[in-house]
Amino acid sequence: MAVPIAPVWYDFFLNHITDWLLVLFNGILAVFTARLFYATNKQATEMQASIKAAVDSSEAAIASNQIAVTNAEEQLRAYVTAAGVNVEMHRVRGTMSAYGTEIPGRIHTYEFAVELMNGGQTPAINIRTNLNIRIFQTGIPADFEFPSSDRFGYGLIGPHIKWQTPIQQMTASLVEDTSTTIGLWGWVEYDDIFQGSTIRRRTEFCYRVDRRRLPVTNELFVGFIPYERFNAADWNCLRPIDPATGDGGG
């Protein structure tokens, strides 16, 4: 019996079908792998974007909170300024008139002290203040450096409370000589109560003592005019506090 002979193409098909299937499988695998890589990469990119958005949102919230805290502290912190000058006049013993009334004795000494006011909502703590006074024959020099005296004061000023610097004295003869210029100046340094605050505050103040004789009575009028220099606060001061060391201007 004769054995049928298969066509040539059939032998070729049988010999190469495995290779074709392998190529087809590899192609399908490559497509699947590419799609899987694309999906994974897209998912990773989206996850990174989501994480970045969450981090940015968190940082923005922290920054916003810090701004809110800073603004609140600025609104509530102590603000110490010079509110005016107090003057005390000391006299010699008076005499009695023929009508039984006392005639005040002459003034022999004037005492000056600057009144400080905390206009903030919280106390000013660790206060250190100074006051000085000097006579100038021809006005306060343009390059005058406003040195500190040996009169220092210490304490605490509550919110909306007035406080007083140390006292400076001057004899009546010097004060009543209206041909000269008298300068009265000083400063106050203090801390806020907020935890972690490292900023020490400073206020400088200076007055020219205005003196003149009143008509008719010839009484001496004494007033205080804020001077154009040495009147500032914090970083605008003539001698601001060093932020690196916290040392005052002195």
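So, with +1 on the Cβ of K and R and -1 on the Cβ of D and E, and no other charges, what is the size of the charge dipole of region 104-192 about its Cα centre, to the nearest 20 debye? Don't jump to the answer; show the numbers that get you there.
Details: 5 positive and 10 negative charges, 50 e Å.
Roughly 240 debye, rounded to the nearest 20.
For region 163-168, take each phi angle, set θ = phi - 60°, evaluate the Karplus expression 6.51 cos²θ - 1.76 cosθ + 1.60, and give the result in whole Hz per residue in order, putting x for glycine and proline.
8, 10, 6, x, 9, 10
What distance in nm separates the simple spin-label points at MET89 and THR138, each placed 7 Å from Cα in the Cβ direction?
Modelled inter-label distance: 3.2 nm.
Could you go through region 224-239 in sequence order and give the Karplus-derived ³J(HN,Hα) for each residue, using 6.51 cos²θ - 1.76 cosθ + 1.60 with θ = phi - 60°, rounded to whole Hz, and x for Gly and Pro?
Rounded to whole hertz, the list is 9, 10, x, 7, 6, 10, 6, 10, 6, 9, 6, 6, 8, 5, 5, 10.
Using the heavy atoms of the protein chains and a 1.4 angstrom probe, tell me the accessible area per residue for region 93-250 in square angstrom. Mind dumping the intermediate values first?
Numbers: 8760 Å² over 158 residues.
Result: 55 Å² per residue.
Determine the gain in length on full extension of the stretch ASP234-PHE152; use 0.36 nm per residue of separation and subtract their C-alpha separation, reporting nm with one decimal. Kindly include the intermediate steps, with their values, before the conclusion.
Values: separation 82, 0.36 × 82 = 29.52 nm, distance 1.92 nm.
Between ASP234 and PHE152, full extension yields 27.6 nm more.
The values are calculated or read from the model by the stated rules, or taken from the named source; none is laboratory data. These figures come from a predicted structure and were not determined experimentally. Please note: Cβ atoms are built from the backbone with ideal geometry, for glycine as well, and neighbour counts cover all protein chains shown. These accessible areas exclude ligands, DNA and RNA; they are computed on the full protein's heavy atoms, side chains included. Shrake-Rupley method; radii C 1.70, N 1.55, O 1.52, S 1.80 Å.
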